[in-house]
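For reference, the structure discussed in these notes is given below.
Laboratory data are not the source of any read-out in this text; all were calculated from the coordinates shown. The structure displayed is predicted, hence computed values, not measured ones. Reconstructed Cβ throughout: ideal geometry from the backbone, glycine too, with neighbour counts over all protein chains shown.
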Amino acid sequence: MTIHTLNHGSHTVNFDRVLSCPHKIATTYDYIICAHKAISPGLDPNDFRSVANMDTTFVILQNGVGNEEPFRNAFPYCSIVSCVIWVGATQDSPGVIRHTASEHTDIGLYPNPRIDATVEEARLEGFAAMLRAGGTPYTISDDIQVKRWEKVVWNVAWNPLTTLTMQDTQQWLSSSKESVSVTKRLMREVIGVARRSGVALEYGLVDILMERIQGMPGIESSMQVDAREGRRLEVDVILGTPMRKAREYGMDVPTLATVYALTVAVDMRIKQALGGLG
């Protein structure tokens, strides 16, 4: 795989091994880094039982919220480092990645009360040291769930709305008098769900994120690209978890419910086109 990046130059990566499943590996690891798409059904955390032990730290590098829970349920005595990645990259052709200057990673613990805090901090620092060695800018967050939900508020708007319309962000925002207000309502509803979940997000985040996107060129979201290429969508962790929590709390989220239902329908169409496979 060749990566062309404005920040780090051009590099070709030769993978030591590429295997279809963890069961084919005959050793355990200190860190297991999960950077696969969080589609549903996805990789079952139990698939890692042959390569993990009580000293293994799982690193979750995925969009969405609620990603850590399946790993905590499957490995209750392991540490989990949760990450939120802001990066601009596209695949120009198979095996060729172009990375822009956009790059930042928030990292933090998904605390495990069964493990001594100093041990957890040492494992977090161990992963941070890898990022430093590679020149990756990062920030350690004391409450990574705030960062996760902030990213979801961003993703919950631009991913499904660009996918449903097949327009980039600027095309969508300029498409009608209603587009901006619809986007803001969607963001506000998800912030409301986060707040009911005990995550301290402010409604002012809507204006911050809108100002950010309006200062950028038109962006095609990763979900939009996946839909165009006939790949399954990351519906569950971006839209599904906020939707389920809203139902649990008895919250009225009409914009989220509409966008969720439409995006699920698009994903089902893709699934059927793949012959029912994911």
Quiz item: Nearest 20 debye, what's the magnitude of the dipole of the range 2-142 about its Cα centre given +1 on Lys and Arg Cβ and -1 on Asp and Glu Cβ?
Solution: 400 debye
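Counting other beta carbons within 10 Å of each Cβ, put R98, R132 in order, fewest first.
Values: R98 16, R132 12.
Result, fewest neighbours first: R132, R98.
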Quiz item: How high is the relative contact order of the chain, given as a whole-number percent (alpha carbon pairs under 8 Å, six or more residues apart)?
Solution: 17 percent
Self-check item: Where Cα atoms sit under 21 Å apart: lysine pairs in the chain separated by 8 or more or lying on different chains
Solution: 9
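Ignoring the sites themselves, what is the longest stretch of the chain with no GluC sites (Glu not before Pro) in a DSSP loop and at most 15 other beta-carbon atoms within 10 Å? Before the final figure, lay out each step's value.
Values: sites that count: E178, E202, E229.
In the chain, the maximal stretch lacking such sites is 1-177.
So, R0 is 35 Å and r is the distance between the beta-carbons of A117 and R49; what FRET efficiency does that work out to, to 0.05?
Values: r = 26 Å, r/R0 = 0.74.
Efficiency, rounded to the nearest 0.05: 0.85.
Not counting the cut sites, what is the longest span of the chain without chymotrypsin sites (Phe, Trp or Tyr not before Pro) that DSSP labels loop and that have at most 16 other Cβ atoms within 10 Å? Could you put the intermediate results ahead of the total?
Values: sites that count: F15, Y29, Y77, Y203.
The reported range is 78-202.
So what's the back-of-envelope 222 nm ellipticity for the chain, counting only DSSP H runs of four-plus at -39500 (n - 2.57) apiece and dividing by all residues, rounded to 500? Numbers along the way, then the final one.
Details: 9 runs with 115 residues, N = 278.
One gets -13000 deg cm²/dmol as the mean residue ellipticity at 222 nm.
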Quiz item: For volume of the Cα convex hull per residue in Å³, the choices are (i) 143; (ii) 220; (iii) 170; which was calculated from the structure?
Solution: (i)
